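Data first, discussion second: the structure below is written as structure tokens.
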Amino acid sequence: MTDKLHYDFDLRLDDPVNAHALQFSLIPAGAKVLDVGCGTGIIGEALRVRKNCVVDGVDFDEAALNVASEHLRRIAMTNLEQPGWADQLSSQRFSNYEVVLFGDVLEHTRNPTNILAESQKLLAPGGRVIVSVPNVAYIMVRLRMLFGIFEYADSGIMDRTHLRFFTRATARKMIEDSGLRISSEHYASFVLPWGRSMPAWIMRLCPGLLAAGFVFAAEPIND
């Protein structure tokens with residue numbers, strides 16, 4: 001049995017406001033998908049098995065990629081911070097994707113706008129980019145800061161490996177500045193202490209405060 005790696009997670013596709021379930025729901029059945037920051041290939045495998053998608057994955061974690069290679073069609077070690085990373089992938093025939101998925105990965109990078117801009121080179125005509133990011137202005141983070149608490153954690157919104165923090169406004173600006181047009185916006189919730197996620201209709205009342213994260217679908221402006 002493979003040991004669980006740091007960014008492994010349990011898929012909760014039956015929870016409609018779970019971030020991974022939202023990402024999953026935005027990907028059409030049978031689509032050709034590039035999972036950027038694929039980790040061990042958990043969501044990619046679900047897309048392949050449940051939606052008959054063709055999924056390739058890239059990551060900069062060799063141990064995770066070794067596991068992902070058992071679940072995805074193709075994998076590649078890729079440093080998103082290196083200019084020209086998309087061209088390098090294209091030269092290896094990673095191209096013409098109907099969906100490029102950034103599932104909670106851009107907050108770990110220094111230049112997410114540039115990365116999103118470069119990723120568009122890998123899209124097929126009519127393709128879309130899906131972006132999921134956590135919300136640093138989430139109500140529980142705000143309440144902690146109100147009492148002077150700003151502590152990093154091993155995972156979640158305050159993950160100690162995050163280099164960027166996003167609000168709803170700054171996440172939208174990042175996507176739009178990269179040359180993408182947002183076509184849909186969705187709100188993600190954690191499981192709350194009483195064992196349920198926050199309903200979508202409540203998050204829609206004030207998403208910048210009540211959503212734990214945001215999931216966007218976007219298309220190139222020039223398409």
* Asked: List the pairs whose first member sits in segment 115-139 and is under 25 Å from residue 30 (Cα atoms), whose second member is part of a helix (DSSP H, G or I) and among the β-branched types (Val, Ile, Thr), and whose Cβ atoms are under 7 Å apart, counting only residues at least 6 apart or on separate chains?
  -> 116/175; 131/175
* Where residues in segment 155-177 are touching a His at 6+ places or on another chain (Cβ under 9 Å), not in a strand (DSSP E or B) and not β-branched (Val, Ile, Thr), which of them is nearest to residue 188 (Cα to Cα)? -> 155
* Asked: Within segment 45-63, how many residues are buried (at least 21 other Cβ atoms within 10 Å of the Cβ) and either part of a loop (DSSP other than H, G, I, E, B) or in contact (Cβ under 8 Å) with a residue 60 or more places away in the chain (or both)?
  -> 1
* **Scope segment 192-223; condition over 18 Å from the mean Cα position of the chain (by Cα), of a type in the set (Val, Ile, Thr) and at pLDDT 95 or above; matching residues** => 202
* Asked: Being among the polar types (S, T, N, Q), closer than 17 Å to residue 209 by Cβ and surrounded by 15 or more Cβ atoms within 10 Å (Cβ to Cβ), is that true of even one residue in segment 157-168?
  -> yes
* May I ask you to verify whether residue 66 is surrounded by fewer than 16 Cβ atoms within 10 Å (Cβ to Cβ) and under 25 Å from residue 216 (Cβ atoms)? => no
* To do: Could you check how many residues of segment 122-138 are surrounded by 15 or more Cβ atoms within 10 Å (Cβ to Cβ) and either modelled with pLDDT under 95 or under 27 Å from residue 222 (Cβ atoms) (or both)?
  => 9
* Asked: Within segment 36-43, is even one residue in contact (Cβ under 8 Å) with a residue 40 or more places away in the chain and over 22 Å from residue 163 (Cα atoms)?
  -> yes
* To do: Output the residues belonging to segment 141-156 that are over 21 Å from the mean Cα position of the chain (by Cα) and either surrounded by 11 or more Cβ atoms within 10 Å (Cβ to Cβ) or small (Gly, Ala, Ser) (or both).
  => 142, 144, 145, 148
* Structure fact -> Only unsatisfied item for residue 34, checking (1) out of contact with any Phe, Trp or Tyr (no Cβ under 6 Å at 6 or more places or on another chain); (2) outside any helix (DSSP H, G or I), is (1)
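Okay, residues lined up against (1) among the aromatic types (Phe, Trp, Tyr); (2) under 19 Å from the mean Cα position of the chain (by Cα); (3) closer than 30 Å to residue 189 by Cα:
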residue	(1), (2), (3)
85	yes, yes, no
91	no, no, no
99	no, yes, yes
106	no, yes, yes
110	no, yes, yes
117	no, yes, yes
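The values are calculated or read from the model by the stated rules, or taken from the named source; none is laboratory data. These figures come from a predicted structure and were not determined experimentally. With ideal geometry, Cβ positions are generated from the backbone for all residues, glycine too; neighbour counts draw on all protein chains shown.
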